[in-house]
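**Q** Here it is, the structure in full.
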Amino acid sequence: MRNAFADEITQIAKSDPSVVLLSGDIGNRLFDKYKESNPDRFVNCGVAEANMIAMGSGLAMSGMKQVAYTIASFLIYRAFEQIRVDLSYHDAAVLLVGVGGGLSYASNGSTHHTLEDIALMRSLPNMQVICAGDPLEVRAATKAFFKDPKPTYLRIGKKGESPVHEKELDDFEVGKSICLKRGQSVALLATGNLLPNCSSVSDELEERGISSSLYSFHTVKPLEKECLEEIFECHKYVITVEEHGKLGGFGSAVAEWLAMQRKPKAKLLTLGTPDEFLLYTGNQEEARKICRLDKAGLLEQIMDFIGPA
């Protein structure tokens, strides 16, 4: 996903001289092509994330189109006060790109896990929250920001994520989910980098005789309530899946909406990481297995929820 973002922002900056890219001491090689084309519009802010946000907000309010990029855990947790006061409060149109969302940096331990960021960012007034599900969603979300700049948190994975979409998402809209597959019984609602896993799970459910729909809810805020109404009307079970804690994330957003509905027809299950620090250090797939977010773990939880076909 990070390569997709680097390529897309390089292409956009070539034709838009107001684009400025700030980096929190990472991505120097990743952005080589960007720097070749736009040497005066790349600033390595160093390990000073709070200053990076303050700088980006000021430039945005001065008419520049601002992007701030670094590891998601450092971007959100270290600089949250500046994001709240300097950026959201002033409605400054900055694109915050958090690379390595969720368990992408699992091998670096709990300090690098990003499992509370969605909860924090969706709590801020004026802030949009987008969690890209594959490289094509990264490209589409980046383009969408520059078409209508607003304070936005774009949460992306790291590298090696499998593509789910087969072609460019020309009709991508912030706040509009993407239906990848329609079924009758189970609706899988994925946000972020677990979308490929959910696609595999949906295929497995079909093999077991369970008709399933698959949606990419790339936008957690604003949440597409009209689509949720249709989903809960047309399915028996709705399951949200995210590489984020169960408290405050995408599943919580859907549950909050559901609590306001009078007679929902479908039952809701929210799947995410447990409410505890993951002390095991290993790669992302190993961490997902421990959290039951790998394919086998997701299927087990889903089958326990819906019962035999």
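The values are calculated or read from the model by the stated rules, or taken from the named source; none is laboratory data. The structure presented is a predicted model; accordingly, all values stated were derived computationally and were not measured. Heads up, the Cβs are rebuilt from the backbone with ideal geometry, glycines too, and the neighbour counts pull from every protein chain shown. Ligands, DNA and RNA are stripped out before the accessible areas are found, and what is left, the full protein with its side chains, is counted by its heavy atoms. Shrake-Rupley method; radii C 1.70, N 1.55, O 1.52, S 1.80 Å.
**Q** Name every residue in segment 148-163 that is at pLDDT 95 or above and over 21 Å from residue 122 (Cα atoms), in order of residue number.
**A** Once the filter is applied, which keeps residues that are at pLDDT 95 or above and over 21 Å from residue 122 (Cα atoms), segment 148-163 yields nothing.
Residues are listed down the side, and each one gets a yes or a no for (1) buried (at least 20 other Cβ atoms within 10 Å of the Cβ); (2) charged (D, E, K, R); (3) more than 26 Å from residue 10 (Cβ to Cβ); (4) over 15 Å from the mean Cα position of the chain (by Cα):
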residue	(1), (2), (3), (4)
114	yes, no, no, no
124	no, no, yes, yes
137	yes, yes, no, no
141	yes, no, no, no
145	yes, no, no, no
182	no, yes, yes, yes
190	yes, no, yes, no
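**Q** Sticking with this one: Among the numbered criteria (1) of a type in the set (Gly, Ala, Ser); (2) assigned to a helix (DSSP H, G or I); (3) crowded, with 20+ Cβ neighbours inside 10 Å, which one does residue 58 miss?
**A** (3)
**Q** For a quick check of your reading: which strands (runs of 3 or more DSSP E) sit entirely within segment 121-206 and have at least 3 residues that are under 22 Å from residue 270 (Cβ atoms)?
**A** Fully inside segment 121-206 and qualifying: 128-131, 178-181, 186-190.
**Q** Which numbered condition trips up residue 273, out of (1) surrounded by fewer than 22 Cβ atoms within 10 Å (Cβ to Cβ); (2) farther than 24 Å from residue 165 by Cα?
**A** Of the numbered conditions (1) surrounded by fewer than 22 Cβ atoms within 10 Å (Cβ to Cβ); (2) farther than 24 Å from residue 165 by Cα, the odd one out for residue 273 is (1).
**Q** Take segment 246-263 and flag every residue that is surrounded by fewer than 21 Cβ atoms within 10 Å (Cβ to Cβ) and either of a type in the set (A, V, I, L, M) or modelled with pLDDT of 95 or more (or both).
**A** 246, 247, 248, 255, 256, 257, 258, 259, 260
**Q** Being buried (at least 21 other Cβ atoms within 10 Å of the Cβ) and among the small types (Gly, Ala, Ser), is that true of even one residue in segment 47-54?
**A** For segment 47-54, residues buried (at least 21 other Cβ atoms within 10 Å of the Cβ) and among the small types (Gly, Ala, Ser): absent.
**Q** Can you pull out every residue in segment 217-231 that is in a helix (DSSP H, G or I) and either open to solvent by less than 10 Å² (accessible area, probe 1.4 Å) or of a type in the set (Lys, Arg) (or both)?
**A** Scanning segment 217-231 gives 225, 228, 231.
**Q** Give segment 273-309 a look and list any residue that's without any contact (Cβ under 8 Å) to a residue 40 or more places away in the chain and either of a type in the set (Ser, Thr, Tyr) or in contact with a Phe, Trp or Tyr (Cβ under 9 Å, 6 or more places away or on another chain) (or both), or say none.
**A** Those that are without any contact (Cβ under 8 Å) to a residue 40 or more places away in the chain and either of a type in the set (Ser, Thr, Tyr) or in contact with a Phe, Trp or Tyr (Cβ under 9 Å, 6 or more places away or on another chain) (or both): 280, 290.
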